[in-house]
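Asker: Quick one: this structure, given as structure tokens, is what I'll be asking you about.
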Amino acid sequence: MQLPIVCDADTLRTLVRKKAVRVVDVRKADDYDAGHIPTAVSLPLARLLEDDKPERVIQLLEEFGITEKMPVVIYDDTFGALAARVAWTFQYVGHTNTALLEMTFKQWKELGLETETKANNYPRSEHPLAINKDIYADAQYVEAAQSQQGKLLVDSRERLNFLTEHIPTARNIPYTMLGANGSILRKADELKRMIENRGIAPDSEIITYCGSVGTLSGLAYYALKLAGYNNVKLYPKSFKEWKSLGKPKDEFKEANYWDLSAE
């Protein structure tokens, strides 16, 4: 079964019962130990980011017994941002059948859905490496994109951070506007309307970035995909690297932050 971008709770529960999915919990290990979705394995985001070279990520997939076509559903307790960064990484190294759970673990528990405390391990698997260059951007790519027709940068940090300083030419879609009503992402048509209202054409190539490691921008990446934008890339090293490289940035030295609406 090929999963959609966002997997609903009922679908996940059915797949768990059929033992036809690998669930990945990206919260801290202590949180996982205290309770998690049945059958889930523990992959704290920090462990992934220690070394997220593609070969290393494939080793993690193999460690969790994830085969090439196996459905993978990822969740967190951070409104989907950590899960999004891990999901994007899996897709980048070639695991296309990866989805975000529609809700956080806290919401899962509040609905009274099943949890367990036992740690899950699975027999090691084989998984090929097939890097998807189409969804990745580095600083050099971002710099070139600034002056290229049809390419747009989207900064997914909060409005105040964006106004203080950002990569020149970037538009702002704050991550706080992406979720709604107990779901980590709003409905596709709502997202589409909001993004189009920012003057972003459906055929644009969009590169998302945030403050440091690509979590907030990972969520924006999936919001854009859900809204029907097909050509989206993530700049995972984000503004932190951009600044450390001494690249130009737009700063509002005299900003009085009159413009805190995201419109």
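The values are calculated or read from the model by the stated rules, or taken from the named source; none is laboratory data. If you're wondering where the values come from, they're calculated on a predicted model, not measured in any experiment. Ideal geometry is used to build each Cβ from the backbone, glycine not excepted, and the neighbour counts take in all protein chains shown. Heads up: the accessible areas ignore ligands, DNA and RNA and are worked out on the full protein's heavy atoms, side chains in. Shrake-Rupley method; radii C 1.70, N 1.55, O 1.52, S 1.80 Å.
Asker: Measure off 7 Å from each Cα along the Cα-to-Cβ vector at Ser147 and Ala180, then give the distance between these two points in nanometres to one decimal.
Answerer: 4.0 nm
Asker: Over segment 1-69, how many percent of alpha carbon pairs lie in each 5 Å bin up to the one with the longest distance?
Answerer: 3, 15, 22, 24, 22, 12, 2
Asker: With +1 assigned to the C-beta of every Lys and Arg and -1 to the C-beta of every Asp and Glu, and no other charges, what is the dipole magnitude of segment 76-199 about the Cα centre in debye, to the nearest 20? All intermediate terms of the calculation are to be shown ahead of the outcome.
Answerer: On the way: 15 positive and 16 negative charges, 39 e Å.
Using only the charged Cβ atoms, the result is roughly 180 debye.
Asker: Quick one: go through segment 78-103 and flag any residue whose amide nitrogen is under 13 Å from the point 7 Å out along the Cα-to-Cβ line of Asn132.
Answerer: Label zone hits: 85-100.
Asker: In whole percent, and with a 1.4 Å probe on the protein chains, what portion of the accessible area of the chain is carbon and sulfur? Intermediate results must be reported in sequence, preceding the final value.
Answerer: Details: 6160 of 12380 Å².
The computed percentage sits at 50.
Asker: Under a point spin-label approximation (7 Å from Cα along Cα-to-Cβ), what is the Ser244-Gln2 distance to one decimal in nm?
Answerer: About 3.7 nm, to one decimal.
Asker: Step through the residues of segment 17-24 one at a time and calculate ³J(HN,Hα) from phi using the Karplus curve (6.51 cos²θ - 1.76 cosθ + 1.60, θ = phi - 60°), rounding each to whole Hz and writing x for Gly and Pro.
Answerer: 4, 7, 6, 10, 7, 10, 9, 10
Asker: How large is log10 I(q)/I(0) at q = 0.18, 0.20, 0.22 Å⁻¹ when the Debye formula is applied to the Cα atoms of segment 132-263, each weighted equally and without solvent?
Answerer: For segment 132-263, the Cα-only Debye profile gives -0.96, -1.19, -1.43.
Asker: Same structure again: Tell me, what HN-Hα J-couplings in whole Hz come from the Karplus equation 6.51 cos²θ - 1.76 cosθ + 1.60 at θ = phi - 60° for each residue of segment 131-146, using x for Gly and Pro?
Answerer: 5, 9, 5, 5, 10, 10, 9, 10, 4, 4, 5, 4, 4, 5, 5, 4
Asker: At what distance in nm do the modelled label points of Thr14 and Ala34 sit from each other, each positioned 7 Å from its Cα along Cα→Cβ?
Answerer: In this crude spin-label approximation the distance works out to 3.3 nm.
Asker: Now for a separate question. What does the charge count around Leu152 come to, taking other residues whose C-beta lies under 10 Å from its C-beta (Lys +1, Arg +1, Asp -1, Glu -1)? Working shown, then result.
Answerer: Numbers: positive: Lys151, Arg171, Arg198; negative: Glu205.
That works out to +2.
Asker: Students often get this wrong: which residues of segment 8-32 have the backbone nitrogen under 16 Å from the point 7 angstrom along Cα-to-C-beta of Ala188?
Answerer: 8
Asker: On to the next question. On a 0 to 90 degree scale, rounded to 10, what angle separates helix 216-226 from the longest Cα axis of the chain?
Answerer: 80 degrees
Asker: On average, how much accessible surface per residue is there in the chain, in Å², for a 1.4 Å probe, leaving out ligands, DNA and RNA? It would help to have the intermediate numbers written out before the result.
Answerer: Numbers: 12380 Å² over 263 residues.
Per residue, the chain has 47 Å² of solvent-accessible surface.
Asker: Mind ranking 34-47, 154-167, 116-129, 69-82 by how tightly packed they are, going by the mean number of other C-beta atoms within 10 angstrom, highest first?
Answerer: Numbers: 34-47: 18.3, 154-167: 20.8, 116-129: 12.2, 69-82: 22.9.
Peptide ranking by packing, descending: 69-82, 154-167, 34-47, 116-129.
Asker: Which values of log₁₀ I(q)/I(0), to two decimal places, follow from the Debye formula for segment 99-210 at q = 0.10, 0.13 Å⁻¹ with a uniform point scatterer at every Cα?
Answerer: -0.48, -0.75
Asker: Sticking with this structure for a sec: What dipole magnitude, in Debye to the nearest 20, does the chain give about its Cα centre under +1 on Lys/Arg Cβ and -1 on Asp/Glu Cβ? Mind showing how you got there, number by number?
Answerer: Numbers: 34 positive and 37 negative charges, 55 e Å.
The calculation lands at about 260 debye.
Asker: Report the equivalent ellipsoid semi-axes for the chain in whole Å, largest first, defined as the square roots of five times the eigenvalues of the gyration tensor built from alpha carbon atoms.
Answerer: 32, 20, 17
Asker: Sticking with this one: Can you list residues from other chains, or at least 5 along the same chain, whose modelled amide H is less than 5 Å from the amide H of Asn172?
Answerer: For Asn172, the qualifying residues are Asp155.
Asker: Next question. Specify the residue with the greatest mean-square fluctuation among Gly182, Gly199, Gly214, computed from a Gaussian network of the chain linking alpha-carbon atoms under 10 Å apart.
Answerer: Fluctuation is largest for Gly199.
Asker: How large is the charge dipole for segment 130-263, taken about the Cα centre, if only the Cβ atoms of Lys, Arg (+1) and Asp, Glu (-1) carry charge, to the nearest 20 debye?
Answerer: 280 debye
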